[in-house]
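Take a look at the structure below.
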Amino acid sequence: MSLTRIVLIMLLFFYAEGTIFYWLVPDIWTNRLVPHFALAFVLFAALYRGRHTSLFLGFAFGFLQDIVFYDKILGAHAFAGALVGYLTGLLMERRRSTMLMALTMISLSTFVYDNVVFFIYQVFRLNHLDYDWALVSFMLPSVFLQLGFSLLIYVPARRWFENIGVKKSEEKEE
Amino acid sequence: MFNWMRNRRIIVLMIVVVLFVAVMGFSISDRKKLTWPENFILDASGVVQHWFYKPAGYIAGFFEDIANLRHLYQENEELRKTAAAYARDKNKYNFIEQENQRLQAALGFTERQKNMYDYRYLIAQVIAVDNSPINQTIRINLGSKDGITTDMVVVSIDGLVGIVSKVDPFYSNVMPITQLDEKSSVSKSIAATVKGKELLSFGMVDNYDQETGMLSMSRIAETDPLAEGDTIITSGLGEVFPKGMVIGTVKSRQVGDYGLTHTALIDPAADFEHLTEVFVVEVPNAKESAQ
């Protein structure tokens with residue numbers, strides 16, 4: 001699996017976020033379950049590839065999110081994505097994380113990501129949501145969604161990121 | 001050596017943070033035109049999102065239709081009643097319109113004044129939605145090539161949905177009215193009035209409470225006849241937004257923060273979830289008055 005192919009898959013999931021996934025969720029839940037599918041891949045990159053890859057991916061997909069849904073501000077998601085990707089990589093890249101550890105880190109990092117975006121919007125006085133309300137109404141449900149999603153893609157995503165640069169012939173020898 | 005590396009890392013970090021703050025600060029300002037990289041990414045994404053959104057909507061809509069089959073008979077009955085009422089009103093309307101035209105001609109209205117309320121409704125398909133409460137955005141498949149500009153109003157069949165916030169050549173981003181925020185540094189407010197009491201009533205719809213799902217209308221005069229159950233529409237004063245777009249119904253009215261004016265809570269008429277088609281309202285001379 002090359003990085004280009006992974007990026008293509010991430011793009012596919014990114015575009016599914018605001019379209020297919022949006023239609024899968026019933027009306028009452030649309031404002032509560034905010035998908036971060038691309039971010040899940042970024043965090044897998046941090047865990048099984050390295051902090052620089054995830055920094056780059058986090059920035060790129062964050063910026064894509066910023067531009068595509070540009071309403072008030074550019075750069076909030078890019079900053080949060082790059083930061084969370086890098087920090088997770090810094091903490092975890094040296095160890096070979098187990099599944100439980102990986103899922104915990106992904107949930108935690110997603111939560112941090114949501115918080116960073118939330119506070120950037122607060123600092124620039126772009127919205128005035130109550131933090132407690134935001135926490136209960138969409139941040140925590142989104143973390144659980146992220147947990148479920150990363151559980152689903154855990155096996156393939158881990159294999160893809162660990163095998164970056166490994167040629168097909170070598171894979172066969174294993 | 002190690003120390004120097006550490007220092008360099010901190011310097012790089014600081015430069016990056018400063019750059020980010022600069023980009024964010026720049027992007028907040030009211031930008032009418034986007035640069036070409038932004039346009040390129042927006043258009044390219046729009047194409048992909050359009051492929052994804054439409055089939056998903058059709059499939060979900062099919063199941064919804066099956067669920068709605070039972071209510072069809074009732075709906076038909078109601079529609080028939082409305083059609084009869086419409087036919088009656090149409091005669092009256094034609095008469096009044098002709099009268100109005102005759103009077104306008106007699107009073108020497110200019111061409112611009114005559115066409116002031118000649119709104120064009122452009123149908124647009126929704127191609128993607130960002131549903132995060134922090135930054136709700138709806139993307140539609142009309143852009144500056146179709147004559148869309150920022151601050152155009154977007155409505156659904158039920159009522160006002162939002163305001164066009166960013167435009168690229170083939171697609172545009174709509175800020176739903178659920179993002180209105182009186183304390184925000186960039187939010188807008190919409191001049192509103194009561195349907196049937198257009199000349200007596202006035203207020204500004206400027207805030208949406210995410211927790212209760214209610215819009216609020218402020219700056220209502222104490223003597224205003226606005227009452228519970230009234231339908232709130234846009235007033236069109238200021239000539240940027242069109243007039244007569246339904247915003248919602250009044251739920252309650254109370255004295256405002258400073259005791260001088262009243263505020264009212266409004267239940268929005270439009271359903272913001274799972275939209276497929278919306279209309280962009282083109283005001284004939286909005287461009288001139290905006291400049």
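The values are calculated or read from the model by the stated rules, or taken from the named source; none is laboratory data. On a predicted model such as this, the values are computed, not experimentally measured, just so you know. We place every Cβ from the backbone using ideal geometry, glycine too, and count neighbours over all the protein chains shown. Keep in mind that these areas ignore ligands, DNA and RNA; they rest on the heavy atoms of the full protein, side chains included. Shrake-Rupley method; radii C 1.70, N 1.55, O 1.52, S 1.80 Å.
With a point put 7 Å past each Cα toward its Cβ, work out how far B:ARG88 is from B:LYS33 in nm, to one decimal.
Here the modelled spin labels are 5.4 nm apart.
Estimate the FRET efficiency between A:LEU91 and B:ASP118 by the formula 1/(1 + (r/R0)^6), using the beta-carbon distance for r and 56 Å for R0, to the nearest 0.05.
The computed FRET efficiency comes out at 0.35.
Restricting the calculation to Cα positions, tell me the Rg (one decimal) and the Dmax (whole number) of segment B:6-70 in Å.
Calculated on Cα positions, Rg and Dmax stand at 21.9, 71 Å.
Quick one: give the max-minus-min coordinate of the C-alpha atoms of segment B:1-113 along each principal axis, largest first, in Å.
The principal-axis extents, from largest down, are 88, 54, 21 Å.
Normalized C-alpha radius of gyration of segment B:190-268, against 2.2 N^0.38 Å?
Computed over Cα atoms of segment B:190-268, the ratio equals 0.98.
Positive end of the charge dipole of segment A:36-167 (Lys, Arg +1 and Asp, Glu -1 on Cβ, about the Cα centre): tell me which of A:SER150, A:ILE164, A:ALA46 has its Cα farthest that way.
Going by the Cα projections, it comes out as A:ILE164.
May I ask which residue of B:SER218, B:GLY236, B:ALA264 lies farthest towards the positive end of the charge dipole of segment B:190-268, with charges of +1 (Lys, Arg) and -1 (Asp, Glu) on Cβ and the Cα centre as origin?
Final value for the positive-end residue is B:GLY236.
What is the dipole size for segment B:190-268, taken about its Cα centre, with +1 at each Lys and Arg Cβ and -1 at each Asp and Glu Cβ, in debye to the nearest 20?
220 debye
Please give the FRET efficiency for A:GLN122 paired with B:VAL47, using the beta carbon to beta carbon distance and R0 = 30 Å, rounded to the nearest 0.05. Could the numbers behind the result be given before it?
On the way: r = 34 Å, r/R0 = 1.13.
Once rounded, the FRET efficiency stands at 0.30.
Under the rule of -39500 (n - 2.57) per DSSP H run of 4 or more residues, summed and divided by the residues of the protein assembly as shown, what mean residue ellipticity at 222 nm is obtained, to the nearest 500 deg cm²/dmol?
-16500 deg cm²/dmol
Mind putting a number on the dipole of segment A:41-125 about its Cα centre? Charges go on the C-beta only, +1 for Lys and Arg and -1 for Asp and Glu, and I need it in Debye to the nearest 20.
About 300 debye.
How far is helix A:51-68 tilted off the main Cα axis of chain A, in degrees rounded to 10, range 0 to 90?
Taking Cα atoms only, the helix is inclined about 40 degrees.
Using only the Cα atoms of segment B:119-198, what do you get for the radius of gyration and for Dmax, in Å?
13.2, 40
Rounded to two decimals, what ratio of Rg to Rh does the protein assembly as shown give with C-alpha atoms and a Kirkwood Rh?
Taking Rh as the inverse mean 1/r over Cα pairs, Rg/Rh reads 1.03.
To the nearest 20 debye, what is the magnitude of the charge dipole of chain B about its Cα centre, counting +1 on the Cβ of each Lys and Arg and -1 on the Cβ of each Asp and Glu?
Dipole of chain B, to the nearest 20 debye: 820 debye.
Enumerate the calculated ³J(HN,Hα) couplings along segment B:118-128 in order (Karplus 6.51 cos²θ - 1.76 cosθ + 1.60, θ = phi - 60°), each rounded to whole Hz, writing x wherever the residue is Gly or Pro.
Result, rounded to whole Hz: 8, 6, 9, 9, 9, 7, 9, 9, 6, 10, 6.
Among B:LEU142, B:ILE15, B:SER156, pick out the residue whose Cα is farthest towards the positive end of the charge dipole of chain B, where Lys and Arg carry +1 and Asp and Glu carry -1 on C-beta, about the Cα centre.
Comparing the listed Cα positions along the dipole, B:ILE15 ranks first.
Taking a 1.4 Å probe, which of B:ARG70, B:ARG31 shows the most accessible area, and what order do the others take after it?
Working: B:ARG70 200, B:ARG31 25 Å².
Listed by decreasing accessible area, they come as B:ARG70, B:ARG31.
In nm, give the distance between the simple-model label positions of B:THR149 and B:SER185, each being 7 Å from the Cα along the Cα-to-Cβ direction.
It is 2.6 nm.
With angles folded into 0 to 90 degrees, how steeply does helix B:72-106 sit against the dominant principal axis of chain B? Use alpha carbons for both and round to 10.
The angle comes out at about 80 degrees.
Can you give the convex hull volume of the alpha carbon atoms of segment B:54-145 per residue, in Å³?
Expressed per residue, the convex hull around the Cα atoms of segment B:54-145 is 188 Å³.
Would you please report the Å³ per residue occupied by the convex hull of the alpha carbon atoms in segment A:1-94?
So the per-residue hull volume is 100 Å³.
Which of rounded, prolate, oblate describes chain B, given a ≥ b ≥ c as roots of the alpha-carbon gyration tensor eigenvalues and a/c under 1.5 marking rounded, otherwise prolate only if a/b is larger than b/c?
Prolate, because a/c is 1.5 or more and a/b exceeds b/c.
In whole Hz, with x marking every Gly and Pro, tabulate ³J(HN,Hα) for segment A:115-125 from phi via Karplus 6.51 cos²θ - 1.76 cosθ + 1.60, θ = phi - 60°.
These are the phi-based 3J(HN,Hα) values: 5, 4, 4, 4, 6, 4, 5, 5, 5, 7, 6 Hz.
Hey, how many Å between the Cα centroid of segment A:20-57 and the Cα centroid of segment B:217-245?
The two parts, judged by their Cα centres, are 41 Å apart.
What does the convex hull of the Cα atoms come to per residue for chain A, in Å³? Write out the running numbers ahead of the final one.
Numbers: hull volume 20.4 nm³, N = 174.
In chain A, the Cα hull volume divided by residue count equals 117 Å³.
Ignoring the sites themselves, what is the longest stretch of chain B with no chymotrypsin sites (Phe, Trp or Tyr not before Pro) in a DSSP loop and at most 15 other beta-carbon atoms within 10 Å?
Maximal segment without exposed cleavage sites: B:118-257.
What FRET efficiency comes out for B:PHE62 versus B:LEU13 if R0 is 51 angstrom and r is the Cβ-Cβ distance? Round to the nearest 0.05.
Efficiency for this residue pair is about 0.50.
Taking amide hydrogens as modeled 1.01 Å from N in the peptide plane, which residues meet the under 5 Å criterion relative to B:GLY244, leaving out close sequence neighbours?
HN-HN under 5 Å from B:GLY244: B:THR234, B:SER235, B:GLY236.
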